[in-house]
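Contents: one structure, followed by commentary.
The values are calculated or read from the model by the stated rules, or taken from the named source; none is laboratory data. It should be emphasised that the depicted structure is a prediction, and the values quoted were computed from it without experimental measurement. Using ideal geometry, Cβ is built from the backbone for each residue, glycine included, and neighbour counts are taken over all protein chains shown.
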Amino acid sequence: MARLPHSSVHTLWREALRFVEDLRREWSRARVGGLSAEIAFFGLLGLFPAVLVFAAALGSLDVVIGAGAAADTEQWLLDRVVETFGSDNTLRATVKELFDRSNAGLITAGVVLTVYASSRGFTAVVGALDVTYGHEHRRNWVSTRIMGFVLTLFTVLVSALVAAMVVVGPLFGGGEEIADRLGAGSAFTTAWDWFRWPVVFVVVVCWAASLYHFAPRRRTPWRTDLPGAVVSTVWWLAVSLGFRIYLDAASSGVNAVFGLLGGALILLVWLYLLAMGLLVGAEINSVINDRRGLNEPTEAAG
């Protein structure tokens, strides 16, 4: 096996150190920690309105995936909430009320207003990404709120589709039906068990790249948004896995009060780390763009 020349290894190491130093400097300049806290705070405030919109989106999927599959998806999400906040009956009843069919239904004007109420978190994301990318001229207040609204609606709809796909399978259950007709039902189920999470990974990377592309006032080529999107997705998966391990270890012997308060605190810390991962990915893209001379991309409308 051929070895790299010593000079090449030294050059790669030096470039890596320079990249880390540039990233550290950008981290300090953009106040990533403070911006992450802002996003997490407003994200938490808008979480329950977002859940209402999410429930409405799932209700709208009944005609696509069937009422049974939508109910299975809602039960899966309810189980995740209970894992986080504990098995308090009042909380369980409250969450089930959010997913009540009579409240879900099709997306209406009232739900659109709820999207606006929950969009403050993404409005903070839009402003934070402008700071992270070093854009001096940012969107005005109206344009920023509109972009936050659009990104919130887009994210909720994508999340509902992905959650349904994870629970009921590709083509929203149609893939398994086709495989059964071809006599390959068991093989299909096994293959989907292996491939569902890589598919989710790709979807999340595409979502993050879309966020990096559309949220800032100045846009960069799609390909330059991918490195940070991949890093952010890996970061989010690692953070979520760590919190899942913690919740599994701490779930026994938790009373109702501590479950609610502790769950809220855990949720806030989780949102903070997710926001930090998003901004770290943006900083990585910014450093790479600076080195490629792409720090003056074509200006977007807004």
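For this structure, a couple of remarks:
- Yes/no for Leu52 being modelled with pLDDT of 85 or more, part of a helix (DSSP H, G or I) and aliphatic (A, V, I, L, M): no
- The one condition in (1) crowded, with 17+ Cβ neighbours inside 10 Å; (2) modelled with pLDDT of 75 or more that Phe172 fails to fulfil: (2)
- Any hit, region 216-223, residues being at pLDDT 90 or above and closer than 20 Å to Phe122 by Cα: no
- Selection from region 134-158 of residues that are within 20 Å of the chain's Cα centre (by Cα), surrounded by 19 or more Cβ atoms within 10 Å (Cβ to Cβ) and at pLDDT below 85: Leu153, Val156
- Among the residues of region 224-252, just one is charged (D, E, K, R) and modelled with pLDDT of 85 or more, namely Asp225.
- Screening Ala40 with (1) modelled with pLDDT of 80 or more; (2) over 22 Å from Arg244 (Cα atoms) gives one miss only, at (2).
Per-residue answers, yes or no, for (1) surrounded by 19 or more Cβ atoms within 10 Å (Cβ to Cβ); (2) over 30 Å from Ile245 (Cα atoms); (3) modelled with pLDDT of 80 or more; (4) aliphatic (A, V, I, L, M):
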| site | (1), (2), (3), (4) |
| --- | --- |
| Ile266 | no, no, yes, yes |
| Met276 | yes, no, yes, yes |
| Gly281 | yes, no, yes, no |
| Leu294 | no, yes, no, yes |
| Thr298 | no, yes, no, no |
| Ala301 | no, yes, no, yes |
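- Members of region 10-38 that are touching a residue at least 60 places away in the same chain (Cβ under 8 Å) and among the aromatic types (Phe, Trp, Tyr): Phe19, Trp27
- Residues being touching a residue at least 24 places away in the same chain (Cβ under 8 Å), closer than 21 Å to Leu23 by Cβ and surrounded by fewer than 17 Cβ atoms within 10 Å (Cβ to Cβ) - total across region 231-244: 1
- Within region 11-53, the set of residues being exposed (fewer than 13 other Cβ atoms within 10 Å of the Cβ) and at positive phi is empty.
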